[in-house]
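Engineer: I have a structure here, written as structure tokens, and I will follow up with some questions on it.
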Amino acid sequence: MNAVRLTAAALLLAACAPAADPSRPPSPSPGDGVTEAGLLRLADRRDFDEGYLRAGLAHRDPAMARRAAWVLANLRRAEGVALLGPVLAHRDTSVAATAAFALGQIADSAAVPLLVPYADAARAAAAPTVVAEAAYALGKIRHPQARAALETLLRTVDADGSGAREVAGAALLAIWRQGRPTPVDAIEPWIRHADPEIRWRAAYALARRPEPAATAALFRAAADPEPLVRSFVARALTGPMADSSGVGRQAAWQTLRGLAEDDPAQIVRINALRTLGTYPGEPTLRVLLGAAGSSEHPYEVIAALEGL
């Protein structure tokens, strides 16, 4: 009987409880009320609506959160840094990567300490896109901490590990933006990597801001099988750099002549012809006049004439 009475009492209490108000809406989820059209309107009007953007970043739909981060990237307002920082830890890596990209577009030094923990070799295998975008972003913000983080990333990421191509490739394309001196010791090992996609990025990083140590490293890659690597060698091997790097003017000139006359890739021949113009003298004149008079490719003729 006791069980029956308890059940009856429970039913009576349930019947007496106030009914739910059907007119009351359910509790809102994060980002409710944010639409893609609304976010695009902010971008079009260059309108920084902090509350709306914050709600967009917190939206339950990752696509909407990505769009909100993209809008902040387009607005490029320093106030966006504080909104984007927490999004770097978003469980959806595409959202986190877009937040890192946006911080790079804003390019405010306040973003550096937020980005540095994510430009970490330990994260490369699990979230390569996030690490890569953090590296790209740090490259756009010239700051000692950003430089140090990129150098550390290049020195510590596993060259053969998962995500190495994406992460190392991003760091190589970012590091040159930090200015001189070029950290040749951090870059040079990558120019010997088995993956040509990584090698040409390393060559680009070394060639982008010519320095003696970088020129010497590039000279050693003059016979690389990847045409893009050879093209950056040809671009960087100028007469003044050959002298100051210890490569030697004659050795560098011979290498450039071979690239200008015999390389199968047109981009390599064009760069070599242009760079030969930094070696004044009759031997250079003969090579350039020969190319200008015999080449069937107009861009090579133009490069030879520029060298003259």
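Just so you know, all these numbers are worked out from the coordinates, no wet-lab data involved. Keep in mind that what you see is a predicted model, and the values were worked out from it rather than measured. So basically every Cβ, Gly included, is an ideal-geometry build from the backbone, and we count neighbours across all protein chains shown.
Engineer: So for the chain, what are the equivalent ellipsoid semi-axes in whole Å, largest first, each being the square root of 5 times an eigenvalue of the Cα gyration tensor?
Structural biologist: 59, 20, 16
Engineer: Amide H neighbours of Thr182 under 5 Å, counting only residues 5+ apart in sequence or on other chains, H built in-plane at 1.01 Å?
Structural biologist: none
Engineer: Mind checking the angle between helix 144-156 and the chain's longest principal axis? C-alpha axes, 0 to 90 degrees, to the nearest 10.
Structural biologist: That helix lies at roughly 80 degrees to the long axis.
Engineer: Quick check: the angle from helix 62-75's long axis to the longest principal axis of the chain, C-alpha only, nearest 10 degrees?
Structural biologist: Between helix and principal axis, roughly 50 degrees.
Engineer: Under a 5 Å amide H to amide H cut-off, with H placed in plane at 1.01 Å, what residues pair with Arg220 once short-range neighbours are removed?
Structural biologist: none
Engineer: Still on this structure, please answer the following. Ranking Phe48, Phe232, Phe219 by Cβ neighbours within 10 Å, fewest first, what do you get?
Structural biologist: Values: Phe48 17, Phe232 28, Phe219 20.
In order of increasing Cβ crowding within 10 Å: Phe48, Phe219, Phe232.
Engineer: Using θ = phi - 60° and the Karplus form 6.51 cos²θ - 1.76 cosθ + 1.60, what ³J(HN,Hα) does each residue of the stretch 124-134 get, whole Hz, x for Gly and Pro?
Structural biologist: Rounded to whole hertz, the list is 4, 6, 7, 9, x, 5, 5, 4, 4, 5, 5.
Engineer: While we're here: Per-residue ellipticity at 222 nm for the chain, helices alone: DSSP H runs ≥ 4 residues times -39500 (n - 2.57), over residue total, nearest 500 deg cm²/dmol?
Structural biologist: When only DSSP H runs of four or more count, the value is -19000 deg cm²/dmol.
Engineer: I need the phi-derived Karplus couplings for the stretch 205-220: 6.51 cos²θ - 1.76 cosθ + 1.60, θ = phi - 60°, integer Hz, Gly and Pro marked x.
Structural biologist: Going residue by residue, I get 4, 6, 8, 5, 10, x, 9, x, 5, 5, 5, 4, 5, 5, 4, 5 Hz, with x marking Gly and Pro.
Engineer: Further question on the same structure: Any chance you could check the Cα centroid distance between the stretch 140-199 and the stretch 50-80 for me, in angstrom?
Structural biologist: Value for the Cα centre distance between the two parts: 29 Å.
Engineer: Can you work out the Karplus-derived ³J(HN,Hα) for every residue in the stretch 176-182? Use 6.51 cos²θ - 1.76 cosθ + 1.60 with θ = phi - 60°, whole Hz, and x for glycine or proline.
Structural biologist: My calculation for the stretch 176-182 gives 5, 5, 6, x, 7, x, 6 Hz in order.
Engineer: Separate question: Calculate how steeply helix 249-262 sits against the longest principal axis of the alpha-carbon atoms of the chain, using the helix alpha-carbon long axis, and give the answer as 0 to 90 degrees to the nearest 10.
Structural biologist: 80 degrees
Engineer: So what is the orientation-averaged projected area of the stretch 185-308, using the convex hull of its C-alpha atoms, in nm²?
Structural biologist: With every direction weighted equally, the projected area is 6.8 nm².
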